[in-house]
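The values are calculated or read from the model by the stated rules, or taken from the named source; none is laboratory data. Owing to the predicted nature of the structure, the values given are computational and were not obtained by experimental measurement. Here Cβ is always computed from backbone atoms with ideal geometry, including for glycine, and neighbour counts include all displayed protein chains. SASA here: full protein model, heavy atoms, side chains in, ligands and nucleic acids out. Shrake-Rupley method; radii C 1.70, N 1.55, O 1.52, S 1.80 Å.
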Amino acid sequence: MKTRSSSLQAIWVILFATGLLACQTEHWEVGKNVRARDVDVAAALGDTSQANNGGLTAADVPVIPYPRSLRPCCAFGADLKVAVGRVPVPGVEIGNLLDPTDVGPHRYDNGYLSLYGSDPRGIVDNENNGLIYTCRGGVIDLAHVRDNADNTLALVSAVARSLETGGVVDVPPQGARMRAHLQPVSAEAIQKYGRIQLATVLAQWLAYQFSIWHEIATFYGYASLAEWPEKISAFSPEDLYSNQIGARLAGGIILAKEARSDVEYGLSMDAWIKRMLRRLDAVPLQDSRAAMRAVDGAWWDSEKRIPDWTLVKRRQFETGPFLRPWRLEDARPGTNGAAKPLARCQDAGPALVLYVADGFAGALFRNYASVEFDVDDTLVQAGFPLPRPGSRLVTQEDFPMIIQKTREANSEAFGAGADAP
């Protein structure tokens, strides 16, 4: 069991409690400002002008440590079988599907045990992450949602403190040394649009770029646990969509001023995740199982065992500007024939297509920030397509070429059409 150090506790209690979005210290109270209003969630998801925070100075923004761990979840499929090497493990299945009513409480950077006595939820160590099928958003991976929300929160803190000066933000490595380069923003823009507004939209973009890299890196051998290869889930059908939802939820919570302590942020995420699942028409566990069975043989293969990466037969490589969820009605016929919408989804609204913005107020994000990666030996030895001879440096501008090479490698393994539902 891992615990936070006393110094990290002090950072949360003293700095974070000073108010991420407020200029004066506030005493936190249970449930304060945790509303998760439907209008706020809808705006964050793009399903439907934030207040100006131009008077907030860089010194008012607390330092929030970047998350140091990834949540362990989830290979695409249902009741997945496991093998060690080439030896099947009989009687072991991974039930990675989840009922919406079983979603557990959120905690920032969930690789560490929360020990704050002020948390009304008690000791938070069981988020109970998993895959949930939704009528409007296809499969949602809650671990990806939570990871990208936390990453966005930390990046908002870093960006908000660096708007005037620019700088470099180092983040924990994933198959490469990773960092964001920030360019200065004019005082006029900060005053006009607000420090937190600018920091939030830029942090959401950065978090999404880092999430794309995670998909790339896992395809070429990066694993958070060396003994557990993650290529099986690289560019899984639900990943990028779930990543973007996480960034959007965090941005909405921040702009709604509901993240002024780690506890308040956790409570807000609890409420916003539930509201998000409701808006996307999340289905009960038995219907998620039915949905997965419907695409068995089309999107995944129940005869394969973890960690065989060929268990997932279809991969989603589209990174934007529009992220369209893969729903049952989009699937090619699988083992059980053509997939049809679930009966409970017949009257659901249209698919929620997420728009990935490339700028704000007429300014392109790439003119103010970039992400950089110094690729590790492990990825290079696995055939990583370096963009330039003699250089291991990769930026977001190289993603289209790298993803195209990755798409081609996937097609070689699964045939034409393996990048579509």
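General observations
- Flag for Leu153 being of a type outside the set (Asp, Glu) and either assigned to a strand (DSSP E or B) or crowded, with 21+ Cβ neighbours inside 10 Å (or both): yes
- As a summary of the residue check, Ala51 satisfies the conditions (1) within 30 Å of Ala189 (Cβ to Cβ); (2) surrounded by 15 or more Cβ atoms within 10 Å (Cβ to Cβ); (3) modelled with pLDDT under 80 except for the one numbered (2).
- Search result, residues across the stretch 253-277 that are out of contact with any Phe, Trp or Tyr (no Cβ under 7 Å at 6 or more places or on another chain), closer than 22 Å to Val61 by Cα and open to solvent by less than 10 Å² (accessible area, probe 1.4 Å): Ile254, Glu258, Ser268, Met269
- Pick from the stretch 300-325, criterion open to solvent by 30 Å² or more (accessible area, probe 1.4 Å) and not in a loop (DSSP other than H, G, I, E, B), ranking: farthest from Phe365 (Cα to Cα): Arg305
- Within the stretch 326-352, being aliphatic (A, V, I, L, M), part of a loop (DSSP other than H, G, I, E, B) and open to solvent by 50 Å² or more (accessible area, probe 1.4 Å) holds for one residue alone: Ala338.
- Of the numbered criteria (1) touching an Asp or Glu at 6+ places or on another chain (Cβ under 8 Å); (2) modelled with pLDDT of 95 or more, the one Gly334 fails is (2).
- Single residue of Ala290, Ala294 found to be aliphatic (A, V, I, L, M), out of contact with any helix residue (DSSP H, G or I) (no Cβ under 7 Å at 6 or more places or on another chain) and open to solvent by less than 50 Å² (accessible area, probe 1.4 Å): Ala290
- The set of residues in the stretch 378-407 being acidic (Asp, Glu) and open to solvent by 80 Å² or more (accessible area, probe 1.4 Å) consists of Glu397 alone.
- Taken over the stretch 161-196, the residue count meeting the criterion of being within 19 Å of Ser370 (Cβ to Cβ), of a type in the set (Lys, Arg) and either open to solvent by less than 50 Å² (accessible area, probe 1.4 Å) or assigned to a loop (DSSP other than H, G, I, E, B) (or both) is 2.
- Flag for Ile253 being modelled with pLDDT of 95 or more and within 26 Å of Pro421 (Cβ to Cβ): no
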